[in-house]
Amino acid sequence: MTALLEVRGLRAGYGSATDVLVDIDLTVEEGAAIGVIGANGAGKSSLLKVLAGLLPARSGEIEFQGSRLANESPSARLRRGLVMLPEGHRVIRSLTVEENLRLAAISRWPRGVRSRLDEVLPMVFDLFPVLRERRRQLAGLLSGGEQQMVSIGRALVSNPRLLLLDEPSLGLAPVVIDRIYESLGILRQTGLSLLVVEQNYTRLNDLCDRLHVLRLGKVTLSTGGGIDNDEAIRSAYFGHEEPSAATIRQNTEE
Ligand SMILES: Nc1ncnc2c1ncn2[C@@H]1O[C@H](COP(=O)(O)OP(=O)(O)OP(=O)(O)O)[C@@H](O)[C@H]1O
Ligand SMILES: [Mg+2]
């Protein structure tokens with residue numbers, strides 16, 4: 001498979017503070033789904049922000065569709081099809097579902113928007129039929145899961161090649177998470193590439209071709225295919241100094 005996104009030796013951080021991302025190597029092939037898991041503060045959102053152009057890289061290279069992204073603005077990256085869904089359900093609460101989707105499309109297609117929207121809106125509504133029913137309802141009145149659907153819909157109308165998703169399961173009930181992940185699986189089948197970050201791998205394991213564990217800004221483990229070694233994941237996720245369950249039990253019994 002051809003690489004759509006290639007990240008090599010990436011370092012990044014905020015202000016004058018130390019790096020929060022250290023020597024990250026990552027590849028997303030055309031049509032692939034790649035997952036990154038890590039605890040609070042591991043650097044997951046920072047990684048996506050660097051890719052979307054919201055946080056500058058301190059060193060390293062990012063190539064998208066074969067050309068470097070070094071100086072491209074967030075909107076230039078968006079126009080090239082690198083689309084990020086930030087953490088939380090980002091919708092404009094005072095606009096209707098349909099207005100949310102139309103506004104997102106305008107940022108991508110300043111001209112000729114209407115004709116493209118006529119093609120993509122039905123696609124979003126087919127993926128999430130509940131949004132078709134609620135298209136005239138204010139987005140702020142929707143449930144968390146429905147807002148996440150609008151948020152995904154907003155990303156889709158901007159015609160992504162690679163979707164960067166920051167904890168799409170955050171704050172949602174398990175049944176709603178299933179629905180969201182089902183939709184990501186459908187999108188993947190249409191050829192869309194995905195890079196998804198989460199705090200746990202339960203859902204990602206089914207969706208993704210590979211998973212990377214991120215800890216304190218470093219990739220500590222990469223898997224091809226499904227995860228079958230929980231202990232290796234645990235230690236990559238928490239670090240080797242993390243006490244094992246047996247030690248914790250022993251310590252608390254003394
Ligand atoms: N705007 C910021 N200014 C300074 N430091 C920041 C900023 N945003 C994040 N950080 C720091 O960067 C590190 C990585 O944070 P990041 O938000 O990328 O983690 P995360 O893996 O997304 O965590 P979470 O699961 O809580 O969302 C943390 O140490 C955090 O304190
Ligand atoms: Mg985060």
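The values are calculated or read from the model by the stated rules, or taken from the named source; none is laboratory data. Please read these numbers as outputs of a predicted model, since none were measured by experiment. A quick note on method: Cβ atoms are made from the backbone with ideal geometry, for glycine too, and the neighbour counts reach across all protein chains shown. Calculation scope for accessible area: heavy atoms of the full protein, side chains included, ligands and nucleic acids excluded. Shrake-Rupley method; radii C 1.70, N 1.55, O 1.52, S 1.80 Å.
Applying a threshold of 6 Å to beta carbon distances and a minimum spacing of six or more residues, or different chains, the list of pairs starting in the stretch 4-18 at a residue that is within 16 Å of ligand 2 (Cβ to nearest atom) and ending at one that is at pLDDT 95 or above and open to solvent by less than 30 Å² (accessible area, probe 1.4 Å) reads Ala12/Leu21; Ala12/Val50; Ala12/Leu55.
Considering (1) free of Cβ contacts under 8 Å to residues at least 40 places away in the same chain; (2) within 16 Å of ligand 2 (Cβ to nearest atom); (3) of a type in the set (Lys, Arg), the lone condition that Arg77 does not fulfil carries the number (2). Looking only at residues that are within 21 Å of Arg161 (Cβ to Cβ) and open to solvent by less than 20 Å² (accessible area, probe 1.4 Å) in the stretch 186-206, which one is nearest to the chain's Cα centre (by Cα)? Only one residue tops the list, namely Val196.
Out of all the residues in the stretch 93-108, is one or more within 16 Å of ligand 1 (Cβ to nearest atom), touching a residue at least 40 places away in the same chain (Cβ under 8 Å) and surrounded by 13 or more Cβ atoms within 10 Å (Cβ to Cβ)?
From the stretch 93-108, those within 16 Å of ligand 1 (Cβ to nearest atom) are none; that's our starting set.
No: the stretch 93-108 contains no residue that is within 16 Å of ligand 1 (Cβ to nearest atom), touching a residue at least 40 places away in the same chain (Cβ under 8 Å) and surrounded by 13 or more Cβ atoms within 10 Å (Cβ to Cβ).
Just one residue in the set Ser67, Ser45 is within 20 Å of Leu184 (Cα to Cα), open to solvent by less than 50 Å² (accessible area, probe 1.4 Å), hydroxyl-bearing (Ser, Thr, Tyr) and not assigned by TED's automatic domain parsing to the domain that holds Ala104; that residue is Ser45. Whether any residue in the stretch 3-22 is closer than 22 Å to Glu167 by Cα, open to solvent by 10 Å² or more (accessible area, probe 1.4 Å) and of a type in the set (Lys, Arg) is what I want to check. So far as the stretch 3-22 goes, yes, one or more of its residues are closer than 22 Å to Glu167 by Cα, open to solvent by 10 Å² or more (accessible area, probe 1.4 Å) and of a type in the set (Lys, Arg). In the stretch 158-176, the qualifying residues are those that are out of contact with any Gly (no Cβ under 9 Å at 6 or more places or on another chain) and open to solvent by 20 Å² or more (accessible area, probe 1.4 Å), and the one that is farthest from ligand 2 (Cβ to nearest atom) is Pro174. Against the numbered list (1) under 15 Å from Arg161 (Cα atoms); (2) of a type in the set (S, T, N, Q); (3) within 13 Å of ligand 2 (Cβ to nearest atom), Ser67 comes up short only at (3).
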